[in-house]
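The values are calculated or read from the model by the stated rules, or taken from the named source; none is laboratory data. Just so it is clear, the model here is predicted, and its values are computed rather than measured. Cβ placement follows ideal geometry from the backbone for every residue including glycine, while neighbour counts extend to all protein chains displayed. The protein model used for the area step is the full one, side chains on, heavy atoms only, and it has no ligands, DNA or RNA in it. Shrake-Rupley method; radii C 1.70, N 1.55, O 1.52, S 1.80 Å.
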Amino acid sequence: MKHITNQWKKRSAIIFLVSFIICLILWTLSMSEWAATINAKPVEAHDEPDLSALMMMILPFVKVVVLTLVPALLCLAIMRIIELITNKRHSKSMMTNQTLAPALSASPITLQCIERIDETHDTVTFIFKAPAVNYISGQHIILMVNINQKIYRRAYTLSSTPSRPTTWTITVKRVQGGRISNYLVDQFQPNMLIQAMPPTGQFNLSECKTDEHYLFLSAGSGITPQMSMTRYLLDMNAQSHIQFIYFARSVDDLIFGKELERLAKHHENMTLSIVLSEQPSAGHRTGLLNNILLDELVPDLTKRAVFTCGPEPFMDILQDCLESRDFDMNYFHKESFGQSQESREGRQGTTLFTVNVPDYAASSEVNGSVTLLDVLDEMNVPIDQDCRSGICGACKCKVTKGDVQDTSKNVLTDDAINQGYVLACSTHIRSDIEVMLV
């Protein structure tokens, strides 16, 4: 039903125009028959007015109107009513989808790849046959990848939209030295199977406090959750205005570039700005995110919900820009996968620190290039873990002594952070520390 209401104004105009033309043609034919009848029987000057002749002129017009314009207008009215009902339910549906989604199962689901699409020279979209599991735009799945008989877990946002329930898609970018992403880009092909945990995550449309205006800012592969949200909102014919700002190094690095331009061209309620940071190109802005550029692109932030995903420094700059404009940060939502293990592989460290876990009588000397989760794994300390990307919160633990550097605070409250809780998968050791598991 949601697809029927899409672009109803254009369709209704066409329906009305066609019906009106048919009406004119039929009425003209009817009037010709009436004129022929009158000519065949001339009226004498002193005769009384012939009411039957008048009825012959009026009745065809009435019939034509009833048969053409009335059904057309009725059709348009029904379409308009459907649109109003759909829009009214739109904001409510985004809030109730969370409760409608089935509880996450402890068992993984099996996904079968049915297609792969090369988005750029180093980015691939994998399309899977969709399982019977609901999700909300912006959420992620955790893939369990079997490489040489060892299972690795990584989180990937669904770039697909729940409004198209037959497929799921993820979009994977090659990472220098990355084990999982590079395996998928190089080796994973259609008809292959992979295990995944059901969708989850708080970075989604149901967390939004408004459905009037959206501002999506992304950089690099951080575009995937906003792409899912944009597809969903446009599929649902939402009347909200979508401003989409995408930062990339060059035109060759634009993920979903052609689709974004097509969507912005065909939807009046969507505006698109593409900013290139390294290689200028005609038709696109060049530069880096800062206060001046944000003021030019978004002069008015009133009633806007801001969603951002990308490298941590990029999102920090955006947050500073918003706070300097006294933006209500309750409307600010960010997704960070932290500094992934893949991007840290091969990095060297020289200073050694001691990690103690008193509850398990475990201790180890490590350098600062590895994550706290890697260290606890090596020490055989039983810590929960799923995404290893700083978003699921499974590896939360408490640093009771010492200094660490954490790149993700997702799912941690301010109170928990003040008490010393960290996400082990995105935390690096900066001194001798003691750790307590939750």
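Filter region 132-182 for residues that are buried (at least 17 other Cβ atoms within 10 Å of the Cβ) and of a type in the set (Ser, Thr, Tyr) and give the result. The answer is 135, 137, 156, 157, 159, 160, 161, 169, 171, 181. Does residue 332 satisfy the criteria of being in contact (Cβ under 8 Å) with a residue 12 or more places away in the chain, touching a Pro at 6+ places or on another chain (Cβ under 9 Å) and not polar (S, T, N, Q)? No; evaluated as a whole, the condition is false for this residue. I'd like to know if region 221-232 contains one or more residues that are free of Cβ contacts under 8 Å to residues at least 60 places away in the same chain, buried (at least 24 other Cβ atoms within 10 Å of the Cβ) and outside any strand (DSSP E or B). Looking for residues that are free of Cβ contacts under 8 Å to residues at least 60 places away in the same chain, buried (at least 24 other Cβ atoms within 10 Å of the Cβ) and outside any strand (DSSP E or B), one finds at least one in region 221-232, hence yes.
Counting only helices (runs of 4 or more DSSP H) wholly contained in region 304-389, the ones carrying 1 or more residues that are more than 29 Å from residue 177 (Cβ to Cβ) and at pLDDT 90 or above occupy 312-324.
When the residues of region 257-276 are filtered to those that are outside any helix (DSSP H, G or I) and open to solvent by 50 Å² or more (accessible area, probe 1.4 Å), the one that is nearest to residue 239 (Cα to Cα) is 268.
Among the numbered conditions (1) within 20 Å of residue 139 (Cβ to Cβ); (2) outside any loop (DSSP other than H, G, I, E, B), the only one that residue 409 does not meet is (2).
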